[in-house]
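Structure first, then comments.
Throughout, read-outs are computed from the coordinates displayed, never taken from laboratory work. Quick caveat: nothing in here was measured; it's all calculated off a predicted structure. Please note: Cβ atoms are built from the backbone with ideal geometry, for glycine as well, and neighbour counts cover all protein chains shown.
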Amino acid sequence: MPPPLLQVRDLTVTFDTPEGPVRAVDGVGFTVEAGRTLGIVGESGSGKSVTSLAVLGLHRDRTTVTGSITLDGTELVGRSDRQLARVRGRRIAMIFQDPLSSLHPAYSVGEQIAEHHRLHQGASRAAARRRAVELLGEVGIPQPARRVREYPHQFSGGMRQRVMIAMALVCEPELIIADEPTTALDVTVQAQILELLDRIQRERRLAVIMITHDLGVIARVAHDVLVMYGGRAVEQAPVDELFAAPAHPYTRG
């Protein structure tokens, strides 16, 4: 069996606050394999998003990250911002919860996708624009050649999230982290976005980390599940096993 694409061991994230150190993540470990989706589930404040930001190296001053995070055998903990910038977007991409706050209101969606492509892949303006149109079509946005010129406020919430998925895909990453990507959407649109992510994951054999508080989302898209509670990993199992015999009160409830 090949080694996992992502391996996290004994991850601890501590924030330095005026009241003293706060350990938001405490000794968490998990693996993610290519072509599989790991669901990380837990209530608000359980450490899910803090864990994902640690994987991307996005924690800043007054934060201490210890443990080990390896991507395809390469250690990420302790790397400089410049070294991590080569990983973000290019090898690991993030889909955030609120696309409206993640997209710049003054630039068209096509410009933002194309800029991402040019920055990380060195593509020409023309090639980057063509790629933006291709990806908008791939994620299900009608008339992509026209809509590539439109601005975020001209898209619905579900369509904006499709734009964020297109932006995540533009550099052909190996791992996508989706942090509550359907929370702000209605039930019908939520199902469409989950189906899209599932299709893309299967077609591209991507590794995916799906972060959510919703066990229904986990049941729908995940192969494996990590349950977090109070900053710790309290349960971990393949999705069928976890739902057949949940061990922790949060999972049972």
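Compute the Rg to Rh ratio over the stretch 106-253 from the alpha carbon atoms, using the Kirkwood formula for Rh, and round to two decimal places. Can you show the working numbers first?
Details: Rg = 17.4 Å, Rh = 16.7 Å.
For the stretch 106-253, the value is 1.04.
Taking R0 as 30 Å, what's the FRET efficiency between Asp81 and Glu43 from their Cβ-Cβ distance, rounded to 0.05?
Efficiency, from the Cβ-Cβ distance: 0.45.
Taking the square root of 5 times each eigenvalue of the Cα gyration tensor, what semi-axes in Å does the equivalent ellipsoid of the stretch 199-253 have, largest first?
Gyration-tensor ellipsoid for the stretch 199-253: 22, 12, 10 Å.
Could you give the length gained by full extension between Glu195 and Asp72, i.e. 0.36 nm per residue of separation minus their alpha carbon distance, to one decimal place?
Working: separation 123, 0.36 × 123 = 44.28 nm, distance 2.72 nm.
Residue separation times 0.36 nm, minus the Cα-Cα distance, leaves 41.6 nm.
By count of other Cβ within 10 Å, fewest leading, how are Arg252, Arg9, Arg147 ordered?
Arranged by neighbour count, lowest to highest, Arg252, Arg9, Arg147 become Arg252, Arg9, Arg147.
Which order results if Leu175, Leu119, Leu196 are arranged by neighbouring Cβ count within 10 Å, fewest first?
The order, fewest Cβ neighbours first, is Leu119, Leu196, Leu175.
With 10 angstrom as the radius, rank Asp72, Asp81 by how many other C-beta atoms surround their C-beta, starting from the fewest.
On the way: Asp72 14, Asp81 10.
Sorted ascending by nearby Cβ count, the order is Asp81, Asp72.
Subtract the Cα-Cα distance of His153 and Ser124 from 0.36 nm times their separation in residues, and report this length gain in nm to one decimal. It would help to have the intermediate numbers written out before the result.
Details: separation 29, 0.36 × 29 = 10.44 nm, distance 2.68 nm.
Separation in residues times 0.36 nm, less the Cα-Cα distance, equals 7.8 nm.
Given labels modelled 7 Å from the Cα in the Cβ direction, how far is it in nm from Ala219 to Arg252?
Taking the two extended label points, one gets 1.8 nm.
Given 0.36 nm per residue, what is the gain on full extension from His104 to Thr63 after removing their alpha carbon distance, in nm?
Length gained between His104 and Thr63: 12.0 nm.
Give the Cα extents of the stretch 107-172 along the principal axes, in whole Å, largest first.
Answer, in whole Å and largest first: 31, 19, 17 Å.
Could you tell me how far the Cα centroid of the stretch 186-242 sits from the Cα centroid of the stretch 38-92, in Å?
Centre-to-centre distance over Cα atoms comes out at 19 Å.
Identify, among Leu206, Gly110, Val139, the residue whose Cα sits farthest towards the positive end of the charge dipole of the chain, taking +1 on the Cβ of Lys and Arg and -1 on the Cβ of Asp and Glu, with the dipole about the Cα centre.
Going by the charge dipole, the pick is Gly110.
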